[in-house]
Amino acid sequence: MAINPTRSCAPIGAMLANYGIHGAITINHGSQGCATYPRHQMARHFREPVEVATTSLTEKTTVYGGRGNLLTALKNIWERFHPTMIMVCSTCLSETIGDDIPGIIDEFKENNPDITIPIISVKTPSYIGTHTTGFDNFLTELANSMPERRKKKGETNGKINIIPGWVNPGDIRELKHIVREMGLHGLWLTDYSETLDGGYYEPRPHFARGGTTVEDLRSSSKSLATIALQRHIGGEAARVYERRHNVPAHILPMPIGLANTDAFVETLTEITDHTIPEALQVERARLLDALVDTHMFTTGLRVALYGDPDLIEGLTGLVAEMGMTPAYILTAAENRPWAERMVELTQELGVESEIIIKGDLHELHKRIKAKPVDLIIGHSKGKFISDAEKIPLVRVGFPVEDRFGYHRRSVVGYNGAISLVDEITNVVFERKATAVVSNTLLEIGVEGHTSIPFAYTNGNGKH
Ligand code: SF4
């Protein structure tokens, strides 16, 4: 049982990843609610209409099987939309009744030889994973089924496959900025930076602008390398590219904070002979300066982190770089390799943390009540703890549904980290009810909270 879970259901991950392919449509093979719930959650976060087809299984089809509904849905979607690709994701319901989705797709293709677009199926029952599992399964299926074999040895498209993982459109744009500054070309697996954060166009385009094309996916086997920027979303897909197409895999932590972003930039230099441009060096120096400027306000604060495994691994790095202690690190996923890696990482960083897998926000709340923290970092669902305990919540992750425009923000790269350092520090100022006069910080203090004495300094550097 979960009380106030931090996770979402698995199909939503596959649907989100599929949104990053230009002209692709999702068919959710399950009951109507299995399409409606993810659509609403995505629409509340991305503030865009989210279109997903459903096979609308009912009591009858649940008993006798959903083959007929899926065949009809495939035909209807093709005739009404002419998509570039169709992705069929399963649900708890269709997996439980045991529908053979790949077999039904094969039957459809045999009966409709004139429909030549790729149709892939992705397994996304929510009882074997979370929304991140759905995203990861989609990427693995994509890597297995879409790339074409190289026609001759050494044939290359000159690009680098980059798998951002579960991020926001603003994050993808920041990653693109880094790759562009390096003078390189990324092939994005996948890219919803515009499809889920587009402009208003008249007339409305048939498909949302942007997204990786099917042609690019076909040629992704000819890339110079694959970089997965989340170990647990896209790491396996990167390994598939290496095994099947000899494209070297680089699996990195999510590039949040200084060290994690350095790892990404350095990997780009290792793959190519390009050097780090001055523009990125300046951004890096600016982040370092922000860490130095804020450390006296943040050092020693206790933080609770919750959310997706890769996101909170990246955040743990930044939190430690700010001198704070990630006291609780909680994810809903039952991901033991991640937990072991987090134990290692927190030891390397020299911080004392409690790492919780398969947890919910009720668990986190209990721990915070027993031993409070100064700050909570996670998605909107932590608001109830924040309100009850009067501890500020810095919103990062998915979903952020009680604030506007967070999907446009970025937490990755040097620029993303600077924004996060600014936001965290400002929240700390607010919570401490501080008064800042010129560059002198006076702590007024708030009753009932753990309080780390602030350093304060005057303009002459006297303490
Ligand atoms: S039944 Fe399963 S797939 Fe459908 S909405 Fe619920 S958790 Fe998601």
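The values are calculated or read from the model by the stated rules, or taken from the named source; none is laboratory data. Everything numeric here is computed off the predicted structure, so don't read it as measured data. Reconstructed Cβ throughout: ideal geometry from the backbone, glycine too, with neighbour counts over all protein chains shown. Protein only, heavy atoms only, side chains kept; ligands, DNA and RNA dropped before computing areas. Shrake-Rupley method; radii C 1.70, N 1.55, O 1.52, S 1.80 Å.
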With Tyr406 itself left out, Lys, Arg at +1 and Asp, Glu at -1 over residues whose Cβ is under 10 Å from its Cβ give +3
Restricted to the chain, the DSSP antiparallel beta bridge percent, nearest 5, is 10 percent
About its Cα centre, the chain carries a charge dipole, from +1 on Lys and Arg Cβ atoms and -1 on Asp and Glu Cβ atoms, whose size in debye to the nearest 20 is 460 debye
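Contact order normalised by length for the chain, with contacts defined as Cα pairs under 8 Å and 6 or more residues apart; what percent is it?
16 percent
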Rg/Rh over Cα atoms for the range 279-442, Kirkwood Rh, comes to 0.95
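What does the charge add up to near Arg231, with Lys and Arg as +1, Asp and Glu as -1, over the other residues with Cβ less than 9 Å from its Cβ?
-1
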For the range 14-103, the convex hull over Cα atoms projects on average to an area in nm² of 5.7 nm²
The relative contact order of the range 1-126, taking Cα pairs under 8 Å that sit 6 or more residues apart, comes to a percentage of 31 percent
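Under 8 Å for C-alpha pairs, at least 6 residues apart: give me the relative contact order for the range 224-331, rounded to a whole percent.
So the answer I get is 25 percent.
Counting only heavy atoms of the protein chains, get the accessible area per residue of the range 36-109 (1.4 Å probe) and round it to a whole Å² value.
I get 49 Å² per residue for this part.
In a shell of Cβ-Cβ distance under 15 Å around Thr36, excluding Thr36 itself, what net charge do Lys and Arg (+1) and Asp and Glu (-1) give?
After counting each charged neighbour, the total is +1.
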Taking only protein heavy atoms and a 1.4 Å probe, the highest-to-lowest accessible-area order of Tyr19, Tyr192 is Tyr19, Tyr192
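How much of the accessible area of the chain, in percent, comes from carbon and sulfur atoms when a 1.4 Å probe is used?
Of all accessible area on the chain, carbon and sulfur atoms account for 51 percent.
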With Rg from the Cα atoms and Rh as the Kirkwood inverse mean 1/r over Cα pairs, the range 234-278 has an Rg/Rh of 1.04
Sorted by accessible surface (1.4 Å probe, heavy atoms of the protein chains only), largest first, His365, His131 come out as His365, His131
Charge dipole of the range 279-442 built from unit charges on the beta carbon (Lys, Arg +1; Asp, Glu -1), centred at mean Cα; most positive-end Cα among Leu301, Ser410, Met342 is Leu301
In Å², rounded to a whole number, the accessible area per residue of the range 181-282 with probe 1.4 Å is 43 Å²
Here the alpha-carbon Rg of the range 217-295 over 2.2 N^0.38 Å rounds to 1.30
Of the candidates Pro5, Leu311, Pro255, the farthest towards the positive dipole end of the chain (Lys/Arg Cβ +1, Asp/Glu Cβ -1, centred on the Cα centre) is Pro5
Checking rank on 325-338, 220-233, 152-165, with mean other Cβ inside 10 Å and highest first, the result is 220-233, 325-338, 152-165
Quick shape summary for the chain, equivalent ellipsoid via Cα gyration tensor, semi-axes whole Å in descending order, reads 41, 26, 19
Between the alpha carbon centres of the range 1-29 and the range 335-379 the gap in Å comes to 25 Å
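How large is Rg over Rh for the range 72-187, taking Rg from the Cα atoms and Rh as the Kirkwood inverse mean of 1/r across Cα pairs?
Dividing the radius of gyration by the Kirkwood radius yields 1.03.
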Note on the range 160-274: the mean projected area of its alpha-carbon convex hull, in nm², is 7.6 nm²
